[in-house]
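So the structure is just underneath, and the comments pick up after that.
Derivation of every value follows stated rules applied to the coordinates shown; laboratory data play no part. Since the model is a prediction, treat every value here as computed from it, not as a measurement. Every residue, glycine among them, receives a Cβ derived from its backbone with ideal geometry; neighbour counts consider all protein chains shown.
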Amino acid sequence: MKPTDILSSEHRVIEQVLSCLEKMLDQAAAAGRLEPQPAKDAVAFFRNFADRCHHGKEEAHLFPAMEARGFPRQGGPTGVMLQEHEQGRACVRGMDEAIDEAARGQREALDRFTRFARQYISLLRAHIEKEDHCLFAMANQAFSDQDQEELLRAFQRVEAEEMGRGTHETFLAIADSLADRYGVPRAATPAPSCGHGSRPCGH
C-alpha cells in the first residue's frame, strides 16, 4: 500500500461525513433548527480526522516530499492544496460558532451554519477530486520506493504519536454513527496500513 492509498481511503470516510452533513442541513431546513449533537460530532470529525490527522499528514510529510522532488509550492499544486486547507478551516470555524444559536432556532445562525457547511461541502468534494485524480498520481510518479517507505513510516508516526493511540478509531466510530443516523452508506475502504481491522489506522 502506498501512502497516497491511505490518504485516498481517508477521503472516502470524509466524503461519508460530508454526505451526512448534507442530510443534516436538509433536516434543519425542514425543522427550522439544527440538531446540536450531530452537528458538534461532525465538526469534531472535520477538525480532528479530516484536518488534524489527514491534512496533517499531507502538510507535514506528503507536500514537503513532493516539493523536495521539484514541485514548487508558490504557484504549484501543493500551494493550491494548502490554500484550500485554510479555506476549509475557516468554514469549520464558521459552522462551530453558529451551532448553539442555530440549535435554538435562531434563523440568522441557522443560515450562517448552512452557508459555511455548503461552502465546506463544495470545497472538500472538489479538493478530494483534485487530489485523488491528479495530485496523488503526480506524487507517485515522482517518488522512489525509498520515498514511499519513508512516507509510510511518517504516516504511522502521525497516528501513533501525534494523534494518539485509538484516536483514529474514535473518529471512524463517529463517522459511522453519523452515517447510521442519516442513512448514509458506510465507506468501503482498502486494507489498512498496519493490518488491523478494515480501515486505515496507522498504528
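Worth a mention:
- Cα gyration tensor shape for the chain, rounded if a/c is under 1.5, else prolate or oblate: prolate
- Three-way shape call for the range 44-97 based on the alpha-carbon gyration tensor, with the a/c threshold at 1.5: oblate
- Dipole magnitude of the chain about its Cα centre (Cβ charges: Lys, Arg +1; Asp, Glu -1), debye to nearest 20: 380
- The count of lysine pairs in the chain whose Cα atoms are under 27 Å apart, excluding pairs fewer than 8 places apart on the same chain, comes to 6.
- For the chain: relative contact order, % (alpha-carbon pairs under 8 angstrom, 6 or more apart): 34
- Protection proxy ranking, highest mean first, for peptides 74-83, 46-55, 165-174: 46-55, 165-174, 74-83, where packing is the per-residue count of other beta-carbon atoms within 10 Å, averaged.
- Per-residue 3J(HN,Hα) values for the range 8-23, derived from phi via the Karplus relation 6.51 cos²θ - 1.76 cosθ + 1.60 with θ = phi - 60°, read 5, 5, 5, 4, 5, 5, 4, 4, 4, 6, 4, 5, 5, 4, 4, 5 Hz in sequence order (x marks Gly and Pro).
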